Amino acid sequence: AQSVTQLGSHVSVSEGALVLLRCNYSSSVPPYLFWYVQYPNQGLQLLLKYTSAATLVKGINGFEAEFKKSETSFHLTKPSAHMSDAAEYFCAVNSNSGYALNFGKGTSLLVTP
Amino acid sequence: DTEVTQTPKHLVMGMTNKKSLKCEQHMGHRAMYWYKQKAKKPPELMFVYSYEKLSINESVPSRFSPECPNSSLLNLHLHALQPEDSALYLCASTVGEGFTDTQYFGPGTRLTVL
């Protein structure tokens, strides 16, 4: 079964610093990978998704992620953190059924002034 | 318009009450989902409706009863819930059944069971 592991349940960065949130996947078939963001008391919003068209995926709000098959990784990055980036971030992979997503445990991003 | 709406935003109910959660989308999506999310945890899939038919039921207790009256509307009927059912209930939709389809989430209903 496809699964993802997010390394680091909490990440703290200074405003303006690089954001790096880690996600590794486990899949017996080519995966489709997603990054979602959840702000407090809100639903999940798609940041970006990998569907095998290109290994470097650009998303909203300046985020991007690179699919690396050799490392089974799909890490999320942003060159310069803003205070408004503070949120919970979930990496996800499609399940065998196709409908459902298998989510990682989430990484809480804290941005300090 | 990529919006999924959910009502109510908050709900407090006793263990003997019957209540319903409502989810609506007007994007023409043909698959709709219910998720349960506990604090500081990822969403857990409960049900999937595809073309108005129940496709997936992730062994959810019968005190949760989903209903899909039409392709735009998804309900979750609640009866005899337990305090441990308190959570954020999220609705989502996708265009179809594709592996690459983006799931669009609603803002959720915060449920508290007393």
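To the nearest hundred square angstrom, how large is the accessible surface buried between B and A, total for both chains, probe 1.4 angstrom? Please report the intermediate quantities before stating the final value.
On the way: alone 6370 and 6160 Å², together 10690 Å².
Adding both sides of the contact gives about 1800 Å².
Given a Förster radius of 25 Å and the C-beta distance between residue A:58 and residue B:38 as r, what FRET efficiency does 1/(1 + (r/R0)^6) yield to the nearest 0.05?
Numbers: r = 32 Å, r/R0 = 1.28.
Approximately 0.20, to the nearest 0.05.
Between residue B:110 and residue A:68, what is the FRET efficiency for a Förster distance of 30 Å, r being their Cβ-Cβ separation, to the nearest 0.05?
After rounding to 0.05, the efficiency reads 0.20.
Heavy atoms only, probe 1.4 Å: what % of the accessible area of the protein assembly as shown goes to carbon and sulfur, would you let me know?
Numbers: 5530 of 10690 Å².
Accessible surface attributable to carbon and sulfur in the protein assembly as shown totals 52 percent.
Rolling a 1.4 Å sphere over the protein heavy atoms, what is the accessible area per residue of the protein assembly as shown, to the nearest Å²?
Spelled out: the 1.4 Å probe surface of the protein assembly as shown, per residue, equals 47 Å².
Measuring from label point to label point, each 7 Å out along Cα→Cβ, what is the residue A:45 to residue B:7 span in nm?
Here the answer is 2.4 nm between the modelled labels.
Rank B:68, B:23 by accessible area, highest first, at a 1.4 Å probe radius?
Ranking B:68, B:23 by accessible area, largest first, yields B:68, B:23.
Starting from the Cα of residue B:63, step 7 Å toward the Cβ, then list every residue of the range B:6-24 with an amide N under 18 Å from that point.
B:11-21
Of B:19/B:53; A:49/B:22; A:105/B:22; B:18/B:38; B:9/B:38, which ones are farther than 24 Å apart at the Cα?
As for pairs spanning more than 24 Å Cα to Cα, those are A:49/B:22; A:105/B:22.
Between residue A:80 and residue A:29, how high is the FRET efficiency from 1/(1 + (r/R0)^6) when r is the Cβ-Cβ distance and R₀ = 35 Å? Nearest 0.05.
Calculated value: 0.45.
Got a sec? Which residues in the range A:9-26 would a label at residue A:112 touch, if it sits 7 Å along Cα→Cβ and we count backbone N under 19 Å?
A:9-21
Contact order normalised by length for the range B:1-72, with contacts defined as Cα pairs under 8 Å and 6 or more residues apart; what percent is it?
The value is 24 percent.
The values are calculated or read from the model by the stated rules, or taken from the named source; none is laboratory data. Bear in mind the structure is a predicted one, so any value in this text is a computation, not a measurement. Here the Cβ is made from the backbone with ideal geometry for all residues, glycine too, and neighbour counts use every protein chain on show. Each accessible area value is taken on the protein alone, full model and side chains, heavy atoms only, with ligands, DNA and RNA left out. Shrake-Rupley method; radii C 1.70, N 1.55, O 1.52, S 1.80 Å.
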